[in-house]
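Read through the structure below, which is laid out as structure tokens, and then see the notes.
The values are calculated or read from the model by the stated rules, or taken from the named source; none is laboratory data. All of these numbers come straight from a predicted model, not from anything done at the bench. All Cβ positions, even for glycine, are placed from backbone atoms using ideal geometry, and neighbour counts span all protein chains on display. Ligands, DNA and RNA are excluded from the accessible area calculation, which covers all protein heavy atoms including side chains. Shrake-Rupley method; radii C 1.70, N 1.55, O 1.52, S 1.80 Å.
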Amino acid sequence: METWELLSKIIFLFVILAITLVVAMYSTYAERKVAAFMQDRLGPNRAGPYGLLQPLADGLKMFMKEEIIPTMANRTLFILGPSIAMTTALLTGVVIPWGGNLTIAGHVISLQVADLNIGILYIFAMVSIGVYGIMLGGWASNNKYALLGSVRAASQMISYELAMGMAIIALVLTTGTLSLKEIVDQQQGWHWNIFYQPLGFLIFLVCAFAETNRAPFDLPECETELIGGYHTEYSSMKLGFYLFAEYINMFISAAVIATLYFGGYNFPFLNRLPLDANVLTILGSVVFFLKIFFLIFLFMWIRWTLPRFRYDQLMNLGWKGFIPISIANIMVTGVVIYFKELFF
Amino acid sequence: MTFLFYLLAAVAILSALMVVFSRSPINSVIFLIICFLSIAGHYILLNAQFLAVVHIIVYTGAIMVLFLFVIMLLNLNTSNEPHKSQLTRITAVITGGLLLLVLIAATKDAVLIQAKNPADYNIGLVKQIGQTLFKQFLLPFEISSVLFISAMVGAVMLGKKDSKKN
Amino acid sequence: MQSLTNRSKVVSDKKMTFMEKIYLPAIIKGMMITITHFFSKKTTISYPEETRPFSPVYRGMHVLKRDDIGRERCTACGLCAVACPAEAITMIAAERKAGEENLYREEKYASSYEINMLRCIFCGDCEEACPKEAIFLTNRIVEAGYQREPFIFTKNELVEPLDPAKRIDVSKRQTKAVLEFKKNGNLPHNK
């Protein structure tokens with residue numbers, strides 16, 4: 001690998017990191033604004049114009065808070081928990097294709113850090129490691145509510161990972177590849193995968209809600225039963241890390257859904273515009289981010305519409321609802337593809 | 001690359017030893033996770049990305065979570081570790097020693113296998129693995145899937161409440 | 001039982017139909033409701049910039065009125081303290097000295113008059129009890145604070161300023177009918 005290429009990759013990596021953090025920061029602001037608007041309120045509007053500096057104020061508050069580690073807690077694991085949650089949340093961003101290729105001074109820069117040929121599985125692996133952050137943190141707190149929260153989180157994530165994986169399998173059957181870049185390139189024009197896999201999309205979306213621990217599946221941190229769930233004992237920036245990791249996860253899963261089902265950086269009539277290739281690439285990235293923001297809005301919209309599930313309802317929905325449906329989805333997809341290849 | 005190999009190998013062996021030697025079960029599980037992750041690193045060094053990721057998903061992401069889950073629920077600590085009788089210890093030593101014996105016997109006569117096609121970098125990728133599994137080893141693959149299904153059915157049967165008693 | 005509105009729904013635990021079981025129609029219905037609220041007019045009043053319109057008879061912070069030439073009307077009769085259900089009012093009476101006729105209207109006046117705003121329930125019984133038209137509840141708000149002591153309002157806070165331009169207007173509470181009634185000196189209440 002040339003040094004030049006390496007350097008551009010490293011710079012791009014930092015750009016992605018910065019974008020992820022900024023989007024996650026402003027997701028907290030957007031969440032509060034959306035919640036307020038849906039409840040006929042105005043939301044935060046005191047820090048800066050329209051309250052735009054609110055995330056900074058929140059961050060500052062988090063940093064200024066007293067750092068408390070309970071006496072009976074397991075110190076190492078207590079600190080390890082939020083670190084794992086944050087790291088795995090950030091690691092996922094590297095395989096997502098944020099845009100096409102840019103050509104600068106004769107060099108081609110791909111707006112994707114790493115085009116793994118197993119991109120989807122990599123995301124899946126990172127998500128499955130992400131559970132440890134919550135589990136270890138909850139256990140290390142030595143608090144029964146935190147333990148309950150982490151146990152709930154673990155069983156919920158394992159249950160919904162299955163259905164999510166099977167939704168992906170059905171998608172892989174139609175696309176024939178595991179590389180995210182190739183999946184995006186296949187969806188040019190209106191050939192978005194949501195039209196080929198509507199049921200798979202629905203399953204994936206619901207599982208994404210469950211995996212990111214967001215309402216209506218926010219049982220691991222459900223305030224009314226478990227105080228704060230797995231982060232009951234956390235304070236200061238460690239709590240901040242947990243909350244922040246949740247928003248990063250939401251951003252990343254919105255990006256993954258946009259990539260897998262909404263055509264990524266493609267938009268209809270992309271190739272018909274009489275524009276420079278670089279401009280088109282940037283336009284594509286902008287469209288990609290618009291799709292992501294819409295999906296984040298969808299996450300919030302659903303959170304502020306639906307009440308929380310009861311735990312047995314959650315497990316019923318996962319094991320008795322989504323897993324059979326996703327298996328049926330795989331079989332139907334397989335049969336359709338088989339006959340399509342047979343007759344056409 | 002060689003440096004990475006030695007680093008990963010050292011981490012794998014050290015964490016594997018720590019699994020055995022650490023007193024708290026939770027620490028054992030965490031070291032086992034680290035061990036699995038470093039083995040996944042080895043797979044990546046061998047350009048077997050698919051194996052590496054599946055290893056992480058299945059072992060690190062699912063099985064170890066269940067281990068941790070059970071240990072958390074039972075709240076196993078050094079303080080309330082169940083007392084092990086002398087007999088258990090002796091049997092454990094004998095079985096462990098026998099396993100060591102078998103392993104030594106098996107590796108004693110081992111010869112270094114030459115890779116069939118060392119220049120083929122794609123050997124660990126999804127397509128190749130799929131072709132191998134579904135063409136060359138189709139029967140064993142399907143039989144193992146039947147085994148898994150029977151295990152699942154067994155688990156459901158065990159987990160089901162006995163309707164006659166209630 | 002007869003229902004009071006036609007909005008009530010009878011709850012039953014009947015088996016859910018297929019459409020209800022897949023949740024989606026209900027979810028989409030709910031999402032439509034929230035999105036209409038998203039764009040609807042907000043009910044929030046951003047307090048320091050805009051205030052809620054008060055009703056004309058709103059009962060807020062008290063005022064001790066002066067008469068037209070600036071003399072305190074209060075004569076420290078203690079009727080307000082007696083009427084107060086929360087026992088928030090205390091006062092000390094004093095005799096008007098010679099030369100103080102332009103300060104106090106009657107021969108007796110309150111040298112100290114305190115209302116504990118933490119006890120006050122703003123019922124308005126004090127102004128109803130006052131025979132001298134001295135105490136009124138106004139539309140001013142008692143501001144929040146961090147300490148308890150500043151909530152005991154003394155004459156400094158309660159008596160209205162001397163400057164005629166800064167007088168507190170209570171004409172909305174002191175309606176014509178009330179004034180007419182009080183003008184008649186023959187009535188026992190106004191003697």
Determine which single condition residue A:239 fails, assuming it passes every other condition in (1) open to solvent by 20 Å² or more (accessible area, probe 1.4 Å); (2) modelled with pLDDT under 85; (3) in a helix (DSSP H, G or I). (2)
If we scan segment C:49-64, do we find a residue that is open to solvent by 70 Å² or more (accessible area, probe 1.4 Å), away from chain A (no Cβ under 14 Å), of a type in the set (Phe, Trp, Tyr) and under 20 Å from the mean Cα position of the chain (by Cα)? yes
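Let's see how each residue does on (1) surrounded by fewer than 24 Cβ atoms within 10 Å (Cβ to Cβ); (2) more than 28 Å from residue A:210 (Cα to Cα); (3) at pLDDT below 80; (4) in contact with a helix residue (DSSP H, G or I) (Cβ under 6 Å, 6 or more places away or on another chain):
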residue	(1), (2), (3), (4)
A:255	no, no, no, yes
A:271	yes, yes, yes, no
A:274	yes, yes, yes, no
A:278	yes, yes, yes, no
A:283	yes, yes, no, no
A:289	yes, no, no, no
For segment A:17-29, state whether one or more residues are open to solvent by less than 90 Å² (accessible area, probe 1.4 Å), in a helix (DSSP H, G or I) and more than 30 Å from residue A:114 (Cα to Cα). yes
Does residue C:18 meet the test of being farther than 30 Å from residue A:39 by Cβ, among the aromatic types (Phe, Trp, Tyr), exposed (fewer than 14 other Cβ atoms within 10 Å of the Cβ) and within 14 Å of chain A (Cβ to nearest Cβ)? yes
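For every residue, the table says whether it meets (1) assigned to a helix (DSSP H, G or I); (2) modelled with pLDDT of 85 or more; (3) basic (Lys, Arg); (4) open to solvent by 10 Å² or more (accessible area, probe 1.4 Å).
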site	(1), (2), (3), (4)
A:78	yes, yes, no, no
A:84	yes, yes, no, yes
A:103	no, no, no, yes
A:109	no, no, no, yes
A:112	no, no, no, no
A:116	no, no, no, yes
A:161	yes, yes, no, yes
Condition check for residue A:320: among the basic types (Lys, Arg) and modelled with pLDDT under 85: yes
Looking at segment A:165-184 only, could you name the residues that are open to solvent by 10 Å² or more (accessible area, probe 1.4 Å) and either of a type outside the set (D, E, K, R) or away from every other protein chain (no Cβ under 13 Å) (or both)? A:165, A:166, A:168, A:169, A:172, A:173, A:174, A:175, A:176, A:177, A:178, A:181
Can you report the number of residues in segment A:189-209 which are open to solvent by 20 Å² or more (accessible area, probe 1.4 Å) and either modelled with pLDDT under 80 or among the small types (Gly, Ala, Ser) (or both)? 3
Go through the residues of segment C:80-87 one by one and say whether even a single one is among the hydrophobic types (A, V, I, L, M, F, W, C), more than 23 Å from the chain's Cα centre (by Cα) and within 30 Å of residue C:173 (Cβ to Cβ). no
Within segment A:1-53, how many residues are polar (S, T, N, Q) and more than 19 Å from residue A:243 (Cβ to Cβ)? 4
Please determine whether any residue of segment C:108-123 is more than 14 Å from chain A (Cβ to nearest Cβ), assigned to a loop (DSSP other than H, G, I, E, B), open to solvent by 70 Å² or more (accessible area, probe 1.4 Å) and among the aromatic types (Phe, Trp, Tyr). no
Identify, please: which residue in segment C:136-162 is of a type in the set (Asp, Glu) and in a helix (DSSP H, G or I) and is, among those, farthest from residue C:175 (Cα to Cα)? C:149
Hits in segment A:47-76 - residues which are more than 30 Å from residue B:27 (Cβ to Cβ), assigned to a loop (DSSP other than H, G, I, E, B) and modelled with pLDDT under 85: A:47, A:48
Within segment B:18-58, the residues that are in a helix (DSSP H, G or I), more than 15 Å from the chain's Cα centre (by Cα) and either surrounded by 19 or more Cβ atoms within 10 Å (Cβ to Cβ) or hydrophobic (A, V, I, L, M, F, W, C) (or both) are B:18, B:21, B:25, B:26, B:44, B:45, B:49, B:50
Could you name every one of the helices (runs of 4 or more DSSP H) located completely within segment C:14-84 that has at least 1 residues being in contact (Cβ under 8 Å) with a residue 24 or more places away in the chain, under 30 Å from residue C:111 (Cβ atoms) and in contact with a strand residue (DSSP E or B) (Cβ under 6 Å, 6 or more places away or on another chain)? C:79-83
Among C:52, C:96, C:7, which is modelled with pLDDT of 85 or more and basic (Lys, Arg)? C:96
In the list A:224, A:175, which residue meets the criterion of being among the hydroxyl-bearing types (Ser, Thr, Tyr) and within 25 Å of residue A:31 (Cβ to Cβ)? A:224
Picking from B:13, B:63, which residue would you name as being without any contact (Cβ under 8 Å) to a residue 40 or more places away in the chain, assigned to a helix (DSSP H, G or I), open to solvent by less than 80 Å² (accessible area, probe 1.4 Å) and among the β-branched types (Val, Ile, Thr)? B:63
Look through segment A:122-157, keep the residues that are open to solvent by 30 Å² or more (accessible area, probe 1.4 Å) and touching a Leu at 6+ places or on another chain (Cβ under 7 Å), and return whichever of them is farthest from the other protein chains (Cβ to nearest Cβ). A:145
Where a residue in segment C:124-135 is within 18 Å of residue C:56 (Cα to Cα) and in a loop (DSSP other than H, G, I, E, B) and its partner, wherever it lies, is of a type in the set (Lys, Arg) and modelled with pLDDT under 85, with Cβ under 6 Å and at least six apart: none
Qualifying positions in segment C:88-105 - open to solvent by less than 80 Å² (accessible area, probe 1.4 Å) and either touching a residue at least 40 places away in the same chain (Cβ under 8 Å) or acidic (Asp, Glu) (or both): C:100
